[in-house]
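Contents: one structure, followed by commentary.
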Protein chains: 2
Amino acid sequence: MALGHAIMTALLDDDLSGYELARDFETSLGFFWQASHQQIYLELRKLSDKHWLSKREVTQRGKPNKIVYGMTRAGREALAAWVFTSTRTQVAKDDLLVKLYNLDSANAAHLSGEITARREEMMRRLYLYEKIRRRHYSIPETLPTRRKGVYLALSLGIHQGEQFLAWCDEALVLLATVEN
Amino acid sequence: MALGHAIMTALLDDDLSGYELARDFETSLGFFWQASHQQIYLELRKLSDKHWLSKREVTQRGKPNKIVYGMTRAGREALAAWVFTSTRTQVAKDDLLVKLYNLDSANAAHLSGEITARREEMMRRLYLYEKIRRRHYSIPETLPTRRKGVYLALSLGIHQGEQFLAWCDEALVLLATVEN
DNA sequence: TCAAAATATGCATACTTTTGCATATTAGAA
DNA sequence: TTCTAATATGCAAAAGTATGCATATTTTGA
């Protein structure tokens with residue numbers, strides 16, 4: 001039930017509505033755990049049924065009302081306990097790699113295209129990562145404790161992303177030898 | 001339905017039983033797409049119901065009989081067509097990163113332990129990767145086409161793995177400043 | 001001879017994720 | 001005024017994945 005834990009993690013410091021959570025997920029925790037708004041709304045209700053989240057409706061002007069969720073004491077305790085559970089390694093399942101196992105002269109150009117698209121997407125993401133790091137995490141040693149953890153997650157994202165760019169370049173060169 | 005495609009990919013060159021597939025998955029395609037034997041057996045039946053795989057029972061001496069699956073013409077066509085479909089980027093969902101967002105002085109030691117365990121696991125995996133690369137993929141440019149694709153997948157695994165080791169070291173240093 | 005290990009396959013259930021659909025409010029532009 | 005976009009929430013069905021349980025054959029070693 002890690003989506004629930006990801007949601008609670010996002011609610012550690014701020015109370016948020018489902019809509020806000022879904023949007024924030026796209027530029028923060030969602031780097032490491034993506035979820036659709038349907039999943040998020042459903043999970044929020046489950047969590048509040050368990051009394052791990054409190055809910056309150058907020059009347060807004062200029063916008064539809066929203067339901068804002070916040071962590072309860074029980075939620076914080078459950079989340080803190082979950083951190084101590086042991087995690088089995090999770091393999092990234094990636095279609096692209098399975099497709100590469102099927103490389104032939106007919107699909108080489110298509111796969112090059114897919115890799116090029118991924119490369120561009122990763123560059124955009126890296127740009128975002130770097131922006132966040134420069135703004136909020138320039139000197140990790142001096143950060144408050146929890147922010148150090150966030151910094152480390154971001155750091156992994158950046159390193160893996162840069163690595164991925166390098167791999168794309170290697171792949172595109174090798175694929176070019178197939179296309180001809 | 002990418003598990004099906006991963007299974008068919010594994011059957012491109014060899015006919016295999018569910019048991020053999022499950023074992024091979026642990027040291028090859030399973031690096032990029034892991035599945036339990038239960039999933040594999042179920043998927044094999046689905047694929048053969050679709051006539052994308054053929055099945056035959058093989059009588060063995062010294063072992064229980066096995067059911068060996070092989071790609072049909074229709075299966076090869078379906079797989080080849082699938083390679084041309086476009087893949088959306090898949091985010092690696094990883095509990096450990098969500099847990100890092102919850103870093104505090106109480107759980108820092110536990111998280112260090114988890115990272116150390118992951119580091120060791122990755123080292124074992126890298127050892128395997130390297131062994132395979134040295135044996136089968138030393139000069140990528142001269143490989144037959146499909147093997148070039150497999151090489152690239154392996155190459156990504158190796159680079160990302162080495163990157164991960166470096167990140168683990170960085171993380172352990174920073175976490176040590178929290179524990180004290 | 002008995003137990004353990006490797007080989008071999010499978011069902012049932014639960015959980016998670018994806019996808020398609022559905023609805024409502026308000027602002028601002030055409 | 002009507003349409004579009006952003007905000008906001010949700011249901012239902014299907015597909016995919018994970019987990020626990022169950023069973024059978026044969027070799028090998030104790």
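Take the residues in segment A:22-39 that are within 14 Å of another protein chain (Cβ to nearest Cβ), in a helix (DSSP H, G or I) and within 12 Å of DNA strand D (Cβ to nearest atom); name whichever of them is nearest to B:L100 (Cα to Cα).
Result: A:D24.
When you check B:M8 against the structure, is it aliphatic (A, V, I, L, M), within 12 Å of chain A (Cβ to nearest Cβ), more than 18 Å from the chain's Cα centre (by Cα) and more than 8 Å from DNA strand C (Cβ to nearest atom), yes or no?
no
Please go through segment A:47-70 and pick out each residue that is outside any strand (DSSP E or B), more than 13 Å from DNA strand C (Cβ to nearest atom) and of a type in the set (A, V, I, L, M, F, W, C).
A:W52
Restricting attention to segment A:87-100, report how many residues are of a type in the set (S, T, N, Q) and more than 7 Å from every other protein chain (Cβ to nearest Cβ).
Of the residues in segment A:87-100, 0 are of a type in the set (S, T, N, Q) and more than 7 Å from every other protein chain (Cβ to nearest Cβ).
Could you please tell me which pairs satisfy a Cβ distance under 7 Å, a separation of 6+ or placement on different chains, a first residue in segment B:48-63 that is more than 13 Å from B:I7 (Cβ to Cβ), and a second residue that is part of a helix (DSSP H, G or I) and more than 12 Å from DNA strand C (Cβ to nearest atom)?
Filtered contacts from segment B:48-63: B:H51/B:A74.
Could you check segment A:133-153 and list, in sequence order, the residues that are touching a residue at least 40 places away in the same chain (Cβ under 8 Å) and either within 14 Å of the chain's Cα centre (by Cα) or in the same structural domain as A:A6 (by TED's automatic domain parsing) (or both)?
Matches in segment A:133-153: A:A153 only.
Going through B:L29, B:L44 one at a time, which residue ends up being within 24 Å of the chain's Cα centre (by Cα), near DNA strand C (Cβ under 8 Å from one of its atoms) and not hydroxyl-bearing (S, T, Y)?
B:L44
So A:H51 ticks every box in (1) surrounded by 15 or more Cβ atoms within 10 Å (Cβ to Cβ); (2) on the phi > 0 side of the Ramachandran plot; (3) not charged (D, E, K, R) but one. Which box is left unticked?
It is condition (1) that A:H51 fails.
The values are calculated or read from the model by the stated rules, or taken from the named source; none is laboratory data. Just so it is clear, the model here is predicted, and its values are computed rather than measured. So basically every Cβ, Gly included, is an ideal-geometry build from the backbone, and we count neighbours across all protein chains shown.
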